[in-house]
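First the structure, in the form of structure tokens, and then the observations on it.
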């Protein structure tokens, strides 16, 4: 599938959902909607996910996917081949480079994980640095990886889910890799289960020993200045639904990651 790139010089809050160019990725095709002014944004459409990339942070602001049971089954049959690469669709002065992460102390953390990708090409695309943010190693290889596994399990049980994953940046002077790539202070994964009509956001500090906690989509909007599920009713956005536990409870299961209560 040919990739599509849309460039936005300025986005301002509007009353209606932002209809994304990346068809089939977002719930009702409504891309996350910024509620604060931002500039230097690029929407990148890939085969199985989409990214809103920021020239200011040189990371995604979010990465979205429509994760299906069939896609998870197909992904499980693929061996992983790492292929981290700079995103050539982005201007040179706005994108991260491989050298930015060398000896940085952080992992190159996928926002949409490679383990969700249903084809070799989609997996290769997931290793673009446009889908990557600096992530604490213990988080990336521990609780966050467990959360990604649970999300795939949810898609297998429910048939499909819509997922938005991204960084949260603290106000004030930013931490930077090589004075270029901004380091988030938290990472979030927002999940909407269309079968149950429930949505929840799993979030963790980007630090060693961090635990995953649950917040509502409305609370996330306050943090990041974006409505990640603009097509959802306000009452659903106001609820912090533990969609992973709800699905597990129906099958008398338990989460494999530690959710902070």
- Within region 213-246, how many residues turn out to be closer than 14 Å to residue 166 by Cα and crowded, with 19+ Cβ neighbours inside 10 Å? 8
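Out of region 1-52, which residues are modelled with pLDDT under 50, in a loop (DSSP other than H, G, I, E, B) and over 20 Å from residue 232 (Cβ atoms)?
Our first condition is that a residue be modelled with pLDDT under 50; within region 1-52, this holds for 1-2, 4-17.
From what is left, the residues that are in a loop (DSSP other than H, G, I, E, B) are 1-2, 9-10, 12-17.
Answer for region 1-52, where residues must be modelled with pLDDT under 50, in a loop (DSSP other than H, G, I, E, B) and over 20 Å from residue 232 (Cβ atoms): 1, 2, 9, 10, 12.
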- Which residues, taken from region 179-202, are surrounded by fewer than 17 Cβ atoms within 10 Å (Cβ to Cβ) and in contact (Cβ under 8 Å) with a residue 60 or more places away in the chain? 180, 194
- Message: Scan region 81-96 and tell me whether some residue there is part of a helix (DSSP H, G or I) and in contact with a helix residue (DSSP H, G or I) (Cβ under 8 Å, 6 or more places away or on another chain).
- Response: no
- The residue from 73, 87 that alone is over 29 Å from residue 33 (Cβ atoms) and touching a residue at least 12 places away in the same chain (Cβ under 8 Å) is 73
- Item | Flag for residue 73 being within 30 Å of residue 177 (Cβ to Cβ) and surrounded by 12 or more Cβ atoms within 10 Å (Cβ to Cβ) | no
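The values are calculated or read from the model by the stated rules, or taken from the named source; none is laboratory data. None of the values given here were measured: they were computed from a predicted structure. As a convention, Cβ positions derive from the backbone with ideal geometry for all residues, glycine included, and neighbour counts pool all protein chains shown.
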